[in-house]
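Here is the structure we will look at, set down as structure tokens.
The values are calculated or read from the model by the stated rules, or taken from the named source; none is laboratory data. Predicted model, so just to flag it, every value in this text is computed and none were measured. Cβ placement follows ideal geometry from the backbone for every residue including glycine, while neighbour counts extend to all protein chains displayed. When the accessible area is computed, the model is the full protein with side chains, heavy atoms only, and any ligands, DNA or RNA have been set aside. Shrake-Rupley method; radii C 1.70, N 1.55, O 1.52, S 1.80 Å.
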Amino acid sequence: MSVTTVNASTGTKTLRTLYYARFGFAVVWAILTIAIAKTINPGAAVLLVIYPLFDVAAAVIDFRSSGTTRPKAPLYVNMGLSLLAAVGLAIAAASGIPSVLRVWGAWAITAGIVQLIVAILRYRLGGQWPMILSGAISVLAGTSFVLMAGRPDPTLTTIGGYAILGGIFFLVSALRLQQLAGKR
């Protein structure tokens with residue numbers, strides 16, 4: 001077994017573990033958000049900021065484990081977008097649900113495009129179809145959040161559903177990577 005094979009195997013295992021963690025976080029976060037984010041209160045504001053910060057941490061772990069064989073530039077972009085989203089959501093939380101939905105929507109659109117690019121670049125690893133679909137759906141969902149912001153009585157519960165769906169895509173991708181690792 002070559003060093004490249006060992007590094008790719010380790011990176012794939014780390015990626016799989018990261019996907020499982022992202023699934024668990026997304027589900028717990030969504031349940032808490034749906035439960036307490038009927039209005040923007042301090043707890044909801046903290047949850048809104050934590051989600052993109054968790055995304056930054058996940059991108060850092062992904063970056064460190066991706067080795068030299070995979071492109072890293074999109075991960076830098078993802079980190080920057082998620083940091084901007086955290087700051088934007090902290091500011092938007094003071095302005096109300098429509099502002100939060102606009103910022104969240106813009107982040108979902110841009111992060112979805114980046115996720116789509118990363119998944120396409122990682123296609124040879126296997127298990128990336130769920131990530132490709134998730135990136136595309138994120139772009140559509142982000143657009144719907146921006147549109148929802150202009151409607152009467154917008155709600156934050158929809159972002160909880162978005163997080164659950166994203167978490168499911170991470171779970172499916174992790175399971176697929178695990179299945180592929182078993183075959184190797």
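For region 97-126, which residues satisfy the criterion of being among the β-branched types (Val, Ile, Thr) and free of Cβ contacts under 8 Å to residues at least 24 places away in the same chain?
Across region 97-126, the qualifying residues are 103, 120.
When you scan region 26-48, how many residues do you find that are surrounded by 16 or more Cβ atoms within 10 Å (Cβ to Cβ) and over 16 Å from residue 131 (Cβ atoms)?
Of the residues in region 26-48, 12 are surrounded by 16 or more Cβ atoms within 10 Å (Cβ to Cβ) and over 16 Å from residue 131 (Cβ atoms).
In region 119-164, how many residues are open to solvent by less than 20 Å² (accessible area, probe 1.4 Å) and either outside any helix (DSSP H, G or I) or among the β-branched types (Val, Ile, Thr) (or both)?
Matching residues across region 119-164 total 6.
Being open to solvent by 60 Å² or more (accessible area, probe 1.4 Å) and either over 30 Å from residue 40 (Cα atoms) or among the small types (Gly, Ala, Ser) (or both): is that true of residue 64 here?
Numbers: open to solvent by 60 Å² or more (accessible area, probe 1.4 Å): yes; either over 30 Å from residue 40 (Cα atoms) or among the small types (Gly, Ala, Ser) (or both): yes.
Yes.
Which condition breaks for residue 90 when tested against (1) within 19 Å of residue 18 (Cα to Cα); (2) out of contact with any Leu (no Cβ under 6 Å at 6 or more places or on another chain)?
The number of the failed condition is (1).
Go through region 127-154 residue by residue and tally those that are within 18 Å of residue 40 (Cβ to Cβ) and either of a type in the set (Gly, Ala, Ser) or in contact (Cβ under 8 Å) with a residue 60 or more places away in the chain (or both).
Going residue by residue through region 127-154, those that are within 18 Å of residue 40 (Cβ to Cβ) are 145-146, 148-154.
Now restrict to residues that are either of a type in the set (Gly, Ala, Ser) or in contact (Cβ under 8 Å) with a residue 60 or more places away in the chain (or both): 149-150.
Matching residues across region 127-154 total 2.
If residue 39 satisfies every condition in (1) more than 24 Å from residue 120 (Cα to Cα); (2) at pLDDT 95 or above but one, which is the exception?
(2)
Among the residues of region 67-86, how many are open to solvent by 30 Å² or more (accessible area, probe 1.4 Å), of a type in the set (Ser, Thr, Tyr) and at pLDDT 80 or above?
The total comes to 1.
Would it be correct to say that residue 171 is over 18 Å from residue 75 (Cα atoms), open to solvent by less than 50 Å² (accessible area, probe 1.4 Å), in a helix (DSSP H, G or I) and at pLDDT below 85? It would help to see each step written out before you state the result.
Numbers: over 18 Å from residue 75 (Cα atoms): yes; open to solvent by less than 50 Å² (accessible area, probe 1.4 Å): yes; in a helix (DSSP H, G or I): yes; at pLDDT below 85: no.
It is false that residue 171 is over 18 Å from residue 75 (Cα atoms), open to solvent by less than 50 Å² (accessible area, probe 1.4 Å), in a helix (DSSP H, G or I) and at pLDDT below 85.
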